[in-house]
Amino acid sequence: MAIPDRKTDIGPPHYEKHLPPIVKKNYGKWAYHEIPEPGVLLHVAESGDKLYSVRAASPRLLAITTIRNFADLADKYCDGYLRFTSRNNVEFLLTDQKKIEPLKKELADLGFPVGGMGNAISNIVHTQGWVHCHSSATDASGVVKSIMDELYPHFVDMKLPAKLRIAFACCLNMCGAVHCSDIAVLGVHTRPPRIDHADVPKVCEVPTLVASCPTGAIRPATVNDKPSIEIEDEQCMYCGNCYTVCPAVKINNAKTDGISIWVGGKVSNARHEPMFSKLAVPFLPNNPPRWPEVVSAVKNIVEVYAKNARKHERMGEWIERIGWPRFFKLTDIPFTRYHIDDFTHAGETFKRSAQLKH
Amino acid sequence: MTKKKTPATPLLDELEKGPWPSFIKEIKKEADRPMVQDLLGVLERSYEEHIGHWKHGGLVGVMGYGGGVIGRYSDLQEEFPEVAEFHTYRVNQPAAWFYTSKALREICDIWDEHGSGLTNMHGSTGDIIFLGSKTEALEPVFKKLTEKGWDLGGSGSDMRTPSCCVGPARCEWACYDTLNACYDVTQNYQDELHRPAFPYKFKFKFAGCPNDCVASVARSDMSVIGTWKDDIQVDQAKVQEYAKAGVDIQKEVCDLCPSDCMSWDGKTLDIDNGECVKCMHCINVLSKALKPGKERGATILIGAKAPIIGGALLSAVFVPFLEMEPPYEDIKELAEAIWDFWGEHGKNRERVGEFIQRVGLGTFLDQIGLDPVPEMISHPRANPYIFFQDEVVEGAQ
């Protein structure tokens, strides 16, 4: 067979090809930045050059029609350059302040509001959900859309005590790595997987499947004279790792999959060290297309935080100051046995002092 | 190709309403394609039934690569044949996600011709995601991408596509050139990126300062976080301007300093720099007046991951301070030492952070040739079950 003419291992294009001239000129020589209005960043270079970045919301799932629209806007307002952020916002890079308003208007006409800066809620980082994922316990884009429709004022304003980062993952694999967010919304499975014994020998390797279980709940077994497995239900924590290595062990369940909410994580080192999000709401039902229970639970947490936290205090810093008992009281979220860790190192999370508020 | 009719999607249509950009509107923008019509059909079914309809698995990809394409199949193939195969490409993004409009149009044209016309800008690890391709389109798309200077990113048990913050391109706080480091490492390890040979995935993320805008401490096996060693640069006149403009320097800056290393007498902000832990808070609040020091580099932390399998981890300090100059030999040496040991002894689907917990950080450091330093821990062990090595105790056999 002839080897076709093809290039491999060329890697991504060099970033310099994609940098606007003002960025190339002032690369590494920026003096400071400020936020003159919500959704607009002003970076001032040591040279005195000014760069305005207009940040627009994005559903992350973008049609090429929209990307072409963005390219047209970049040509019209930014000499043909734009960028995306680590939270999937799109940013238009302007040198002419007068072009900000017309650009914002065109973005609004296309349905892309400007905001997500400073003490605000930025884009929700999220996963694929039912649009594309095999192990999702819920949809991603639909829940995110429903939450952000409700929290929209906090995207276009900057009235929160500090920035508030929401992330969404549709199962514990957490492609969105939501585990260090101010509010993490996480799809959960709540029952052990169902085994399709006819398919196991066809599509899975039993030893790999047994080894995949972090709690040792899976054992080899012979079912109907064919190699398969059995699951010790009490040991299963519904992580779905077995499903990822063997599609015949089905973790998805229309009746029992749902959504949990976690709070108080952060990745920045500012003030408090980075920390994990902790469980606030163990389970809410999957209720498409608008997930009202989830939306209202998230909104409640945001509102209570906005009302009670001090300036610059992130969600986790606020909760650490007031204590978890008060968090549950203020938010009126029921505290249950599910909030108490029972996995490895669970004991480190028990309160072992008499320092309590009464 | 017969043009199918867009299916009725009453549940999805609900998600076209409201002020936030709608992914359903996005999908419908490409709904003249039969594949997208079937995608809407499958998705509406999921909304009716509360369950996903995608199957993973099946080895698909482009010739010579083990990563970069994620195989995906519908479990409703007879009803929705156009999405029976619905694979995704990961296309390696340019560092810090800057694009010319010309490049964006080139990418769109390729995807217009061969796929669903739907993308993610971007995927969680940072790649451009082409969402929904038939197997037969994989090679042609790859060829067209590479002709235009693009390549695929990572997937599976390989080095995943590195990503970085906006860095010196547009941020005064960048303590090293995150774009250059990201590009250099990506180019240097093309084989590791495209041909899975590790126990599991390995991610790099390059953050220019401790604000960590790419969440490297939570999301990467090797987190490279910019920092500095010397004194914070202070413009006292500008600090006073902030005070005059209404910023309560004592309350908003000094009182929130985690190491209590600042004082303010109404005129001068005094910083005991030896006590500063480089958290960025004061610099964030007083952006015109304060800047990171001049002796800049990065802290290298290892081992972050999401919960699957053994629980979520944040990265842990390995090298408190490293100068970050091209060609980044120290970073590469450290990464390769880690890959050697973990590659040899790591279990299937065991991230390096989990591996370190299993073998012990002490053993891990011995094996990769790094000396223990107190910056690596939050406190020394409190339990007395110490595994002494023979040479530590005089007289031991």
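Name the residue from B:H56, B:M35, B:P7 whose Cα lies farthest towards the positive end of the charge dipole of the range B:1-75, charges +1 on Cβ of Lys and Arg and -1 on Cβ of Asp and Glu.
The listed residue farthest towards the positive side: B:M35.
How large is the dipole of chain A about the Cα centre if only Lys and Arg carry +1 and Asp and Glu carry -1, each at its Cβ, rounded to the nearest 20 debye?
Roughly 840 debye, rounded to the nearest 20.
With every protein chain left in place, what is the accessible area per residue of the range A:5-85 in square angstrom, probe 1.4 Å?
Per-residue accessible area for the range A:5-85 comes out at 36 Å².
When the accessible area of chain B is split by element with a 1.4 Å probe, what percent falls to carbon and sulfur?
49 percent
Residues of the range B:306-333 with amide nitrogen under 19 Å from the 7 Å Cα-to-Cβ point of A:E46?
Once the point is set 7 Å along Cα→Cβ of A:E46, B:324-326 turn out to lie under 19 Å by backbone N, inside the range B:306-333.
Could you report the buried accessible area between A and B, both sides summed, computed with a 1.4 Å probe and given in Å² to the nearest 100?
10000 Å²
Among A:G187, A:G129, A:G216, which one shows the biggest mean-square fluctuation in a GNM of chain A, springs joining Cα atoms closer than 10 Å?
The residue with the greatest mean-square fluctuation here is A:G216.
Which of B:G64, B:G154, B:G353 moves the most in a Gaussian network model of chain B with Cα springs under 10 Å?
With Cα springs under 10 Å in chain B, the top fluctuation among B:G64, B:G154, B:G353 is at B:G64.
Rounded to the nearest 0.05, what FRET efficiency is calculated for A:K25 and A:D233 with R0 set to 51 Å and r the Cβ-Cβ distance?
So, using R0 = 51 Å, E works out to roughly 0.20.
If you take each beta carbon of peptide A:241-250 and count the beta carbons of other chains within 10 angstrom, what is the mean?
2
Dividing the convex hull volume of the alpha carbon atoms of chain A by its residue count, what do you get in Å³ per residue?
In chain A, the Cα hull volume divided by residue count equals 198 Å³.
On the protein heavy atoms, probe 1.4 angstrom, tell me the percent of accessible surface of the range A:240-345 carried by carbon and sulfur.
Roughly 56 percent, rounded to a whole number.
For helix B:101-114, what angle does its Cα long axis make with the longest principal axis of chain B, in degrees from 0 to 90 and rounded to 10?
40 degrees
Under a 10 Å cutoff between Cα atoms, tell me which one of B:R195, B:R105, B:R349 has the largest fluctuation in the Gaussian network model of chain B.
Of B:R195, B:R105, B:R349, the Gaussian network model singles out B:R105 as fluctuating most.
Probe of 1.4 angstrom, ligands and nucleic acids ignored: what's the accessible area per residue over the range B:1-105, in square angstrom?
39 Å²
I'd like to know which of B:I24, A:A254, A:W130 lies farthest towards the positive end of the charge dipole of the protein assembly as shown, counting +1 on Cβ of Lys and Arg and -1 on Cβ of Asp and Glu.
Farthest towards the positive end: B:I24.
Between helix A:292-308 and chain A, what is the angle of the helix's C-alpha long axis to the longest principal axis, kept within 0 to 90° and rounded to the nearest 10?
60 degrees
Quick check on my link table: of A:K163/A:K299; A:K25/B:K205; B:K267/B:K288; B:K5/B:K143; A:K105/B:K25, which ones sit more than 22 Å apart, alpha carbon to alpha carbon?
Over 22 Å Cα-Cα: A:K25/B:K205; B:K5/B:K143.
So, for the range A:282-358, what is the accessible surface per residue at a probe of 1.4 Å, expressed in square angstrom?
65 Å²
Is there a quick way to get the dipole size of the range B:180-336? I mean about its Cα centre, with the Cβ of Lys and Arg at +1 and of Asp and Glu at -1; what is the value in debye to the nearest 20?
That gives a dipole near 600 debye.
In vacuo Debye scattering of the range A:214-358, one point per C-alpha: log10 I(q)/I(0) at q = 0.19 Å⁻¹?
For the range A:214-358, the Cα-only Debye profile gives -1.27.
So what is the relative contact order of the range B:77-175, in percent, for Cα pairs below 8 Å that sit 6 or more residues apart?
33 percent
For the range A:204-328, calculate the relative contact order in percent as a whole number, restricting contacts to Cα pairs under 8 Å that are 6 or more residues apart.
16 percent
May I ask you to work out the translational diffusion coefficient for the protein assembly as shown at 25 °C, viscosity 0.890 mPa s, via Stokes-Einstein with Rh from the Kirkwood sum over Cα pairs, reported in whole µm²/s?
D, rounded to a whole number, is 91 µm²/s.
Under the definition of Cα pairs under 8 Å and six or more residues apart, what whole-number percent is the relative contact order of chain A?
12 percent
If you wrap a convex hull around the C-alpha atoms of the range B:58-123 and split its volume per residue, what is the figure in Å³?
Once divided by residue count, the hull of the range B:58-123 is 113 Å³.
If the limit is 18 Å between Cα atoms, which of B:K229/B:K294; A:K145/B:K305; A:K50/A:K98; A:K159/A:K307; B:K244/B:K291; A:K17/B:K148 go over it?
A:K145/B:K305; B:K244/B:K291
Can you list the residues, at least 5 places off or on another chain, whose amide H is less than 5 Å from the amide H of B:C164, using H built in the peptide plane?
Residues meeting the criterion, in which the H sits 1.01 Å from N, are B:A96, B:F206.
Once both axes come from the Cα atoms, what is the angle between helix A:141-156 and the longest principal axis of chain A, in degrees from 0 to 90, rounded to 10?
Computed tilt is about 40 degrees.
Give, rounded to the nearest 20 debye, the magnitude of the charge dipole that chain B has about its Cα centre when Lys and Arg contribute +1 at Cβ and Asp and Glu contribute -1 at Cβ.
1220 debye
Under a crude label model (7 Å from the Cα following the beta-carbon direction), how far is A:T222 from A:D75 in nanometres?
7.0 nm
With unit charges on the beta carbon (Lys/Arg positive, Asp/Glu negative), name the residue among B:S46, B:A181, B:L301 whose Cα is farthest towards the positive pole of the charge dipole of chain B.
Projecting each Cα onto the dipole axis, the largest value belongs to B:S46.
The values are calculated or read from the model by the stated rules, or taken from the named source; none is laboratory data. What you are looking at is a predicted structure, and each value in this text was computed from that prediction instead of being measured. Because the Cβ atoms are built from the backbone with ideal geometry, glycine has one as well, and the counts that use them run over all protein chains shown. For accessibility, only protein heavy atoms count, side chains too; no ligands or nucleic acids. Shrake-Rupley method; radii C 1.70, N 1.55, O 1.52, S 1.80 Å.
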